[in-house]
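Below is one structure, written out as structure tokens; the observations come after it.
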């Protein structure tokens, strides 16, 4: 997926394309998670779609619960979804940060390799 240490760093245009792909992956994950959260709140708490969106978005955004669910099934779903939302946040951050850190480290190592050969 990424260039090896022996290869030169990719161009700025290729890096922007790589970052665009990573942003796209994160957007798909977040939209799918939002859809799953909305479906769960509609199914388990019998919330209207707008309220389900608010609850799912609040949990995915790290804000927490808007209001405590009423049913046991709703509480269990909300708790599991809150744990899942935390993992989505961490994974999304890693997916977005990986190409930036790789490019930074690759440039440092590439400069070392050029100076060693001369």
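Before we move on, is residue 43 surrounded by 11 or more Cβ atoms within 10 Å (Cβ to Cβ), assigned to a loop (DSSP other than H, G, I, E, B), out of contact with any strand residue (DSSP E or B) (no Cβ under 6 Å at 6 or more places or on another chain) and modelled with pLDDT of 90 or more?
Working: surrounded by 11 or more Cβ atoms within 10 Å (Cβ to Cβ): yes; assigned to a loop (DSSP other than H, G, I, E, B): no; out of contact with any strand residue (DSSP E or B) (no Cβ under 6 Å at 6 or more places or on another chain): yes; modelled with pLDDT of 90 or more: yes.
So residue 43 fails the test.
Among the residues of segment 1-34, those identified as assigned to a helix (DSSP H, G or I) and either surrounded by 14 or more Cβ atoms within 10 Å (Cβ to Cβ) or in contact (Cβ under 8 Å) with a residue 12 or more places away in the chain (or both) are 15, 18, 19, 22, 23, 25, 26, 29, 30, 33, 34. Against the numbered list (1) modelled with pLDDT under 90; (2) part of a helix (DSSP H, G or I); (3) touching a helix residue (DSSP H, G or I) at 6+ places or on another chain (Cβ under 7 Å), residue 65 comes up short only at (2). Sub-6 Å Cβ pairs linking a first residue in segment 35-56 that is farther than 16 Å from residue 71 by Cβ to a second residue that is not in a helix (DSSP H, G or I), at least 6 apart or interchain, are 54/66, ordered by first then second residue.
The values are calculated or read from the model by the stated rules, or taken from the named source; none is laboratory data. Since the model is a prediction, treat every value here as computed from it, not as a measurement. Because the Cβ atoms are built from the backbone with ideal geometry, glycine has one as well, and the counts that use them run over all protein chains shown.
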